[in-house]
Amino acid sequence: MNLRSQLGRVRAEMLSSVHSRPLPLRSQGPVVSFCFDDFPRTAYTTGGAILKSFGVRGTYYAALGLMNTTNNLGDQLRQEDIDSLLADGHELGSHTFNHISCRTVSLRLFEKDVLRGRQAIRALTGCDAGNFAYPRGHVSIRSKKRIGALMSSCRGIYGGINGLSADLNLLRANSLYGDVDQRARFESLLSENVARSGWLIFYTHDIRERPSAFGCTPALFDQTVALAAESGCRIASIKEALAIFSEPIRQPSHS
């Protein structure tokens with residue numbers, strides 16, 4: 001491990017240890033969630049179609065300032081994509097408005113853009129996008145404390161499984177990038193999630209035959225969803241998973 005990786009791990013451990021908001025999972029798992037950041041069109045047109053074929057739903061973290069634009073992830077979300085994914089039962093999460101990093105602006109300006117993003121989604125759809133993902137996965141101690149107090153959940157990009165409890169101010173999530181040659185890594189994470197009865201969150205961006213460095217192929221996504229279903233995990237959007245973990249545990253009846 002090089003110095004940069006070591007520093008990144010120390011930073012992740014430090015940020016994960018402060019201003020936490022624990023949600024006990026209480027053996028309600030194993031659960032798997034599939035998320036899409038920025039919301040390039042292929043995340044829905046291809047990724048959404050795959051999820052639909054399994055009868056499950058995902059979470060799309062949208063930065064509406066990217067709507068109707070094109071970048072290295074391909075064409076970005078359009079109004080019809082939002083309308084269709086909501087009709088399919090998927091969740092629309094918030095991702096700021098302008099897709100800005102909390103490391104590049106003041107906390108005040110970052111909070112303002114977070115709130116603008118959530119308000120824009122409400123104005124466009126009538127939905128309250130209370131589940132949030134940090135653009136680029138950038139988190140600071142101050143932003144974790146402040147934004148965590150405003151949202152139902154905040155998701156980062158620090159890998160691992162949400163085990164005995166999940167930190168609602170910084171949910172752990174794992175990148176789902178590349179092609180089928182990466183399958184073994186995701187299969188291992190799913191096996192560990194089953195053993196720990198935890199909550200495993202995957203995130204990606206575009207889903208294309210030739211994806212960006214931040215996306216995956218349709219084949220890899222399809223195989224990973226299939227592996228999750230075959231493992232016995234419940235597949236749920238972030239909103240659905242939070243509802244599962246908030247359910248009262250049924251006590252066995254005594255005859």
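The values are calculated or read from the model by the stated rules, or taken from the named source; none is laboratory data. Since the model is a prediction, treat every value here as computed from it, not as a measurement. Every residue, glycine as well, gets a Cβ built from its backbone with ideal geometry; the counts of neighbours run over all protein chains shown.
So that you can scan it fast, the table gives a plain yes or no per residue for (1) buried (at least 20 other Cβ atoms within 10 Å of the Cβ); (2) in contact with a His (Cβ under 9 Å, 6 or more places away or on another chain); (3) at positive phi; (4) touching a residue at least 40 places away in the same chain (Cβ under 8 Å):
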site: 54; (1), (2), (3), (4): no, no, no, yes
site: 73; (1), (2), (3), (4): yes, yes, no, yes
site: 81; (1), (2), (3), (4): yes, no, no, yes
site: 88; (1), (2), (3), (4): no, no, no, yes
site: 95; (1), (2), (3), (4): yes, no, no, yes
site: 105; (1), (2), (3), (4): no, no, no, no
site: 109; (1), (2), (3), (4): no, no, no, no
site: 132; (1), (2), (3), (4): yes, yes, no, yes
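Within the group 219, 236, 241, which residue is at pLDDT 95 or above, of a type in the set (A, V, I, L, M, F, W, C) and surrounded by fewer than 21 Cβ atoms within 10 Å (Cβ to Cβ)?
Going through 219, 236, 241 in turn, the sole match is 219.
Just for the stretch 56-71: of the residues that are in contact with a helix residue (DSSP H, G or I) (Cβ under 7 Å, 6 or more places away or on another chain) and not hydroxyl-bearing (Ser, Thr, Tyr), which one is surrounded by the fewest Cβ atoms within 10 Å (Cβ to Cβ)? Walk me through it before giving the result.
Taking the stretch 56-71 and keeping what is in contact with a helix residue (DSSP H, G or I) (Cβ under 7 Å, 6 or more places away or on another chain), we get 57-60, 62-64.
Next cut, not hydroxyl-bearing (Ser, Thr, Tyr) only: 57-58, 62-64.
Numbers: 57: 22, 58: 30, 62: 32, 63: 24, 64: 26.
In this case the residue turns out to be 57.
Would a scan of the stretch 179-192 turn up a residue that is among the β-branched types (Val, Ile, Thr) and over 19 Å from residue 93 (Cβ atoms)? Lay out the reasoning, then the answer.
First, the residues of the stretch 179-192 that are among the β-branched types (Val, Ile, Thr): 180.
With over 19 Å from residue 93 (Cβ atoms) added as a condition, the list becomes 180.
Yes; the residues of the stretch 179-192 include at least one that is among the β-branched types (Val, Ile, Thr) and over 19 Å from residue 93 (Cβ atoms).
Restricting to the stretch 34-80, what's the tally of residues that are of a type in the set (Asp, Glu) and closer than 17 Å to residue 114 by Cα? First the steps, then the outcome.
Going residue by residue through the stretch 34-80, those that are of a type in the set (Asp, Glu) are 37-38, 75, 80.
Restricting the remaining residues to those that are closer than 17 Å to residue 114 by Cα gives 37-38.
Qualifying residue count for the region: 2.
Only residues that are of a type in the set (Ser, Thr, Tyr) and under 17 Å from the mean Cα position of the chain (by Cα): list them for the stretch 71-94, please. I'd like the intermediate steps shown before the answer.
The first filter runs over the stretch 71-94 and keeps only residues of a type in the set (Ser, Thr, Tyr), leaving 84, 94.
Listed by number, the list holds a single entry, 94.
Among the residues of the stretch 173-197, how many are in contact with a helix residue (DSSP H, G or I) (Cβ under 8 Å, 6 or more places away or on another chain) and outside any strand (DSSP E or B)? Before the answer, list the steps.
Step one: filter the stretch 173-197 for residues in contact with a helix residue (DSSP H, G or I) (Cβ under 8 Å, 6 or more places away or on another chain), giving 174, 176, 178-180, 182-183, 186-187, 190.
Subsequent filtering for residues that are outside any strand (DSSP E or B) retains 176, 179-180, 182-183, 186-187, 190.
Residues meeting the conditions: 8.
Let's see how each residue does on (1) of a type in the set (Ser, Thr, Tyr); (2) part of a helix (DSSP H, G or I); (3) crowded, with 20+ Cβ neighbours inside 10 Å:
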position: 136; (1), (2), (3): no, yes, no
position: 142; (1), (2), (3): no, yes, no
position: 150; (1), (2), (3): no, no, no
position: 154; (1), (2), (3): no, no, yes
position: 158; (1), (2), (3): yes, no, yes
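Looking at 147, 121, 100, which is the one that is closer than 13 Å to residue 15 by Cβ and more than 15 Å from the chain's Cα centre (by Cα)? Lay out the reasoning, then the answer.
Details: 121 fails: closer than 13 Å to residue 15 by Cβ; 100 fails: closer than 13 Å to residue 15 by Cβ.
Answer to the check: 147.
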